[in-house]
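Following: one structure in structure tokens, then a few remarks.
Taken together, the values in this text are just the output of simple stated rules run on the coordinates, not laboratory data. Since we're looking at a predicted model, the values are computed, not measured. Every residue, glycine as well, gets a Cβ built from its backbone with ideal geometry; the counts of neighbours run over all protein chains shown.
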Ligand SMILES: Nc1ncnc2c1ncn2[C@@H]1O[C@H](COP(=O)(O)OP(=O)(O)OP(=O)(O)O)[C@@H](O)[C@H]1O
Ligand SMILES: [Mg+2]
């Protein structure tokens, strides 16, 4: 019989080790180390321009770090691109959702389907039946996700009709098509009306309850307080503080960074 918690020796699901990203001469990310345990929900906060979204781009693979290392489940994946990282279970949403406006909501969600046999023209030629079955399954899955996110009634509308908050929900649906174990969510509350905000909080909570590992960038501190037991504060490319939201909010260095940004 195991004597200790089976998960105790597990590496973090996502780990960044002393990441650096230079843009021109600017150290936009300046030696940041963060880690997310399996199933953890963490907030990444900090003033505008702190380097938060750049961290997401580095973690998700859309930017290459100048130096440092990124691990998923203990494996160094620093050289892998976004698609490979998604296949390993790391998904992300974008700060500014840009759905294909003329495509339907459902079609937009389907763009998140990964590794579909039908993606190769040869398979379509050789195994049309199998491709059709997979497409049908993908549509059912997409409809299930739209149902979960209360967008089902808009499934056949062009995505351009969606409000800011509905676009945030569509981003979640799209990424959930790939069944990521971890999701990086960039500003889920930005441009969202209060009623929809409650829905988004509920859905993020539900995803966490399903066991997903979640990192949320957010300026809305009420939302962060309600969702995250731990926050990491970035300012000017560095981690300034981390801990419980209430504790970091009292940290003079954190208060200074926010006031400095506002001044
Ligand atoms: N592709 C780029 N090329 C040059 N500079 C960039 C690039 N992307 C971001 N920056 C700069 O890097 C800094 C950090 O930007 P980033 O978007 O990561 O900040 P953020 O913390 O997400 O801010 P916000 O809260 O406003 O979204 C900013 O000064 C920004 O202008
Ligand atoms: Mg940002």
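Helix 194-209 and the long axis of the chain differ in direction by around 90°, with both axes built from C-alpha atoms. Considering all different alpha carbon pairs of region 32-96, the Kirkwood hydrodynamic radius works out to 12.7 Å. Label sites at residue 163 and residue 10, each approximated as a point 7 angstrom past Cα along Cα to Cβ, lie 3.7 nm apart. Given their separation in residues at 0.36 nm each and the Cα-Cα distance between them, residue 225 and residue 20 gain 71.0 nm when the chain is fully extended. The angle separating the long axis of helix 128-148 from the principal Cα axis of greatest extent in the chain is about 50 degrees.
Students often check this: by mean Cβ neighbours within 10 Å, which of 47-56, 22-31 ranks highest, and how do the rest follow?
Averaged packing, sorted descending, gives the order 47-56, 22-31.
Against the chain, whose longest principal axis comes from its Cα atoms, helix 164-176 is set at around 70 degrees.
Full extension of the segment from residue 33 to residue 76, taken as 0.36 nm per residue of separation minus the current Cα-Cα distance, would add 14.1 nm. Do you know the relative contact order of the chain, to the nearest whole percent, from alpha carbon pairs under 8 angstrom that are 6+ apart? Here the relative contact order equals 26 percent.
Suppose only helical runs count, i.e. DSSP H with n ≥ 4. What mean residue ellipticity at 222 nm does that imply for the chain under -39500 (n - 2.57) per run, divided by all residues and rounded to the nearest 500 deg cm²/dmol? Don't skip to the answer; put the middle values down first.
Numbers: 10 runs with 100 residues, N = 263.
Computed mean residue ellipticity for the chain: -11000 deg cm²/dmol.
Largest first and in whole Å, the equivalent-ellipsoid semi-axes of region 120-263 read 37, 17, 14, each the square root of five times a Cα gyration tensor eigenvalue. Remark: spin-label model distance residue 96-residue 132 equals 4.3 nm, labels positioned 7 Å along the Cα→Cβ axis.
Equivalent-ellipsoid semi-axes for the chain (Cα gyration tensor, √(5λ), whole Å, largest first): 32, 23, 19.
Taking a point 7 Å out from the Cα of residue 199 in the direction of its Cβ, the residues of region 164-182 whose backbone N falls within less than 20 Å of it are 164-177.
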